[in-house]
Amino acid sequence: MSPGTENIDFCVPHSLYKFIFHNPINRPYILVSIIVIIFQFIILKYFYPFPNFLTGDSWTYIFDAHKNAQLSSHPIGYGIFLRMFSALTISDTILVAFQFLLLQAAALSLNFTLYYFYSPTKIIKIFLLIAVFFNPLFFDIANTISSDNIYLSLSLIWFTLLLWIIYQPTANVIYWHSVVLFLAFVVRFNAMFFPFVSIWAFYVSKASIKLKIRGLVLSLLLISIFVVYNREKYYELSGVRELAPFSGWQMASNGLFAYKHVSANLRKDVPLKFNNLDKQVRLYLDNSFKSPDYAEPRVILDRFMWSQDSPLWVYYWQNFADKDDINNPNVWGKQPFRIKNWAKVAPLYKEYGAWLILHYPKEFFQYVILLNVKSWFIPPMVQLQYYNCGYTDIAENIVDWFKYKTHKISTRFTNIGTIDEIYGLYPLFTGYINAVFLILFALFIRRIKNDMYFIYNGLILVAVFWLINFSFNVFASPIELRYVLFPIHIITVNSIIMVGRLSDVFSNGQPKNIQ
């Protein structure tokens, strides 16, 4: 039995609840947490009376909610959430309050789970609370109308459940894991690598083989149902079965970042089906380098995805757009195009991008992979760099959704730029904490002893999660700060745990018994 958990009935499914609220040792922590959360939310909404809106993303989510969209450029989960929430209230303050409380509850659940299983010292518990309450991006994300907060919250709950699956599995925990994993996937496709991490947790779990199989099958079944649903909806719309057309555009974009560094005389002939597209691309690349206005993208590999002078968009407008694209504009980045035609071109772009990557692997590694590795350790702020992306007005559909009386939004800061600059230091912290985690993990593995084995599986889980997440982002996903907040928080709290354990080793020669 873990220390600090005496007199608790572990046979009931709510043992964490009892550990938090019925154990007198934890009452001061939960009381302080409640007070701090209330105080922080009051401060947040005083200085930010309006939510933060991301250009493009926030408009799209609200557009999806308004139209009750079944397909979108993003997964439909957050749009459905907004639609359901609007049935209760259209108050942006209540919406932000819900997001803020959900994120804090998810982060604190992870904290108390670490208390429960690892029994850290009082000072380590305090530092774990500091990691939650003094994370400046938690305020920013909770106050933003985007899927980031819900995804981050669900991800923290998912990881917390994995620890329970490893150390104290029950049928309820395993079934809830399947539900939370499914919801995270519906909210953001970045969760597609989560099942690989879950497999490791199930592998080392103390659960019976029968229960492990049930949990994995249920998880994969729920995700598969959504995948099939999404593919069939795209087939009905565009005649193409695909999970996310975004991936096709992303593949082409990655390929072009490699291709543009290939000299014209070294370019290879493309297959016939790519001829017209490749001609458009070569024309763009040749003219861009000659243009005095040409500027190399510095922070994120998304120029070919969204820039309207990109050859991908020029080719789209010339070959896939129709009259309805022009006559029926929607809110995606103020650009009139329909998801139907956007999806139709995606398979071609996916094949073309894959062809470029396979035929120019050196350039792909040098100009895409290495840049993504750098972005992983020091992620660009991008849309989080400025409140409301630096604008003072908002889109018409946002005004209509929240029943605002004006298109203008503001904060109560006399100089919001100063706050934005403070937030701008966070990428440096991510580089620092990644380095600290890797060093601490290497030290921990070298110093591991039999009486520390209990913590071993949990930290290996973190390492597996970090490695798979790193690989997924570097090879397949655009990297910006809001997309890596989850892994950063996971390695932060586990680095604090390792510091506590290693300090015991170096000061006393052995860690305190944790079983």
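The values are calculated or read from the model by the stated rules, or taken from the named source; none is laboratory data. Bear in mind the structure is a predicted one, so any value in this text is a computation, not a measurement. Every residue, glycine among them, receives a Cβ derived from its backbone with ideal geometry; neighbour counts consider all protein chains shown. Protein only, heavy atoms only, side chains kept; ligands, DNA and RNA dropped before computing areas. Shrake-Rupley method; radii C 1.70, N 1.55, O 1.52, S 1.80 Å.
Counting only heavy atoms of the protein chains and using a 1.4 Å probe, E421 has close to 130 Å² of accessible surface. Rounded to the nearest 10 degrees, the inclination of helix 27-47 to the longest alpha-carbon principal axis of the chain is 30 degrees.
When the trypsin sites (Lys or Arg not before Pro) in the stretch 154-245 are filtered for DSSP coil states and for at most 15 other beta-carbon atoms within 10 Å of their beta-carbon, the remaining sites are K206, R241. Computed per residue of the chain from DSSP H runs no shorter than four, each worth -39500 (n - 2.57), the mean residue ellipticity at 222 nm is -21500 deg cm²/dmol. For the residue pairs K67/K233; K340/K362; K268/K362, the alpha carbons lie more than 26 Å apart in K340/K362. Helix 245-259 and the longest principal axis of the Cα set of the chain meet at an angle near 70°. Normalised by the number of residues in the chain, the mean separation of alpha-carbon contacts (under 8 Å, six or more apart) gives a relative contact order of 20 percent.
Per atom type, the stretch 136-245 shows carbon and sulfur on 72% of its accessible surface, probed at 1.4 Å.
Placing unit charges on the Cβ atoms of the charged side chains and taking the dipole of the chain about its Cα centre, the candidate lying farthest along the positive direction among S198, S58, Y315 is S198. Here are some pairs, K260/K374; K18/K210; K45/K403; which of them have Cα atoms lying more than 25 Å apart in this structure? Going by Cα-Cα distance, K18/K210 fall outside the 25 Å limit. Taking the longest Cα principal axis of the chain as reference, the axis of helix 339-359 is set at about 80 degrees.
For the stretch 1-156, the relative contact order comes to 31 percent (Cα pairs under 8 Å, sequence separation of at least 6).
Solvent-accessible surface of the chain, taken per residue with a 1.4 Å probe and all protein chains present: 45 Å². In the list [x] 71, 54, 45; [y] 69, 49, 45; [z] 81, 50, 48, the label attached to Cα extents along the principal axes in Å as derived from the coordinates here is [x]. Quick one: grab the alpha carbon gyration tensor of the stretch 130-181, order the square roots of its eigenvalues as a ≥ b ≥ c, and give me rounded if a/c is under 1.5, else prolate or oblate depending on whether a/b is larger than b/c. Verdict is oblate for the stretch 130-181. Of the residues F41, S73, T113, the one whose Cα sits farthest toward the positive end of the charge dipole of the chain, with +1 on the Cβ of Lys and Arg and -1 on the Cβ of Asp and Glu, is T113. Only Lys, Arg, Asp and Glu carry charge here, each on its Cβ (+1 for the first two, -1 for the last two); on that basis the chain has a dipole of about 880 debye about its Cα centre.
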